[in-house]
Amino acid sequence: MTKWKLGIIGGSGLYAIDALQTPQWRRVDTPWGAPSDELLFGSIGDVDLVFLPRHGRGHRISPSELNFRANIDALKRSGCTDIIAISSIGSLREELPPGHFVVVDQFIDRTVARTSSFFDTGMVAHVSMAEPVCPRLSDFAAAAVTAAGGAVTKGATYLAMEGPQFSSRAESLLYRQWGADVIGMTAMPEAKLAREAELPYALIGMVTDYDCWREEAAFVEVAEVIKQMGANGAIARQAVAALVAALPAERTPSPLDTVLDHALITAPDARDPAVLAKLDAVAGRVLRA
């Protein structure tokens, strides 16, 4: 029987999991450098969890300076089978007010200063991002937010911006025209790297504010965002426990577990051993085959 081992990436407003049993912080080294923080290992019932505060404890790291590759590698290296990411987001739609939760299903990547792949010269791979999240995990996530008492919308397009500044009004209005529903600074390249690491990924977005497209409203201010994050975080922590409780005892395989089977393009005799060594956790399953 295959067991679940959930990686939980906690964003702004979620820096711990109250229900975690026998918690222990551990350092996990990766070939890509240090992750945002030590990882918190523990369990809820029979399910093992590994929690990573995306910005580090105390929210020390800016979105553009996050070591996304190290974060995903550390979770893969720790034996995680799936990732639930939790992020604070701004709303681009009137019907998604502050305090609402959104389970994202699509992304528009507007980041420009981040390395977005584990694969490089010496070992090239191309994975599909047509459907960038795991539908199974997303279903569990939406049901868990409801069970925790939160209002949730399942299915939305997330615009990933570089930051750390908030949008200009012109940008916010443009993103609405593009069909984006919510906006944030951290889901990309996180979701891309999770796919390359063969880790099914789902994202729970916690709306903290309306982005600045509403002309009659005040601009986004950090103080208001922090206030809303506190309320959202309480529901998110309950949702994690509810999600774990709803998981079936056996984890059946996901098609996303084997996306690298047909993604590697560099010929075996042209592969750089130094690059392959860095991919030991992320792609070891196919490279050792």
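For this structure, a couple of remarks:
- Among residues of the range 126-163, those that are within 15 Å of Thr111 (Cα to Cα), assigned to a loop (DSSP other than H, G, I, E, B) and at pLDDT 95 or above, counted: 2
- Single residue of the range 166-178 satisfying the filter (open to solvent by 10 Å² or more (accessible area, probe 1.4 Å) and in contact (Cβ under 8 Å) with a residue 40 or more places away in the chain) that is farthest from Leu96 (Cα to Cα): Ser168
- For Gly90, the test of being part of a strand (DSSP E or B), touching a strand residue (DSSP E or B) at 6+ places or on another chain (Cβ under 6 Å) and either modelled with pLDDT of 95 or more or within 15 Å of Met185 (Cβ to Cβ) (or both) is passed.
- Here the condition is being small (Gly, Ala, Ser), at pLDDT 95 or above, open to solvent by 10 Å² or more (accessible area, probe 1.4 Å) and not in a strand (DSSP E or B); of Gly58, Gly79, it holds for Gly79 alone.
- Among the residues of the range 22-67, those identified as more than 16 Å from the chain's Cα centre (by Cα) and polar (S, T, N, Q) are Thr22, Gln24, Thr30, Ser43.
- Any chance Gln228 is in contact (Cβ under 8 Å) with a residue 12 or more places away in the chain, assigned to a helix (DSSP H, G or I) and open to solvent by less than 60 Å² (accessible area, probe 1.4 Å): yes
- Test: residue in the range 105-117 that is part of a strand (DSSP E or B), open to solvent by less than 40 Å² (accessible area, probe 1.4 Å) and of a type in the set (A, V, I, L, M): no
- Candidates Gly99, Gly10 - the one that is open to solvent by less than 20 Å² (accessible area, probe 1.4 Å) and in contact with a strand residue (DSSP E or B) (Cβ under 7 Å, 6 or more places away or on another chain): Gly10
- Residues satisfying the stated conditions in the range 32-52, i.e. of a type outside the set (Gly, Ala, Ser) and either open to solvent by 10 Å² or more (accessible area, probe 1.4 Å) or at pLDDT below 95 (or both): Trp32, Pro35, Asp37, Glu38, Leu40, Phe41, Ile44, Asp46, Val47, Asp48
- Some residue of the range 231-253 being modelled with pLDDT of 95 or more and farther than 24 Å from Leu20 by Cβ: yes
- Any hit, the range 123-143, residues being among the small types (Gly, Ala, Ser), under 16 Å from the mean Cα position of the chain (by Cα) and surrounded by 22 or more Cβ atoms within 10 Å (Cβ to Cβ): yes
- Filtered residues of the range 261-275 (kept if within 25 Å of the chain's Cα centre (by Cα) and assigned to a helix (DSSP H, G or I)): Asp261, His262, Val275
The values are calculated or read from the model by the stated rules, or taken from the named source; none is laboratory data. Quick caveat: nothing in here was measured; it's all calculated off a predicted structure. Quick reminder, even Gly has a Cβ in these numbers, built from the backbone with ideal geometry, and neighbours come from all protein chains shown. To get the accessible areas, we keep the full protein, side chains included, count just its heavy atoms, and leave off ligands, DNA and RNA. Shrake-Rupley method; radii C 1.70, N 1.55, O 1.52, S 1.80 Å.
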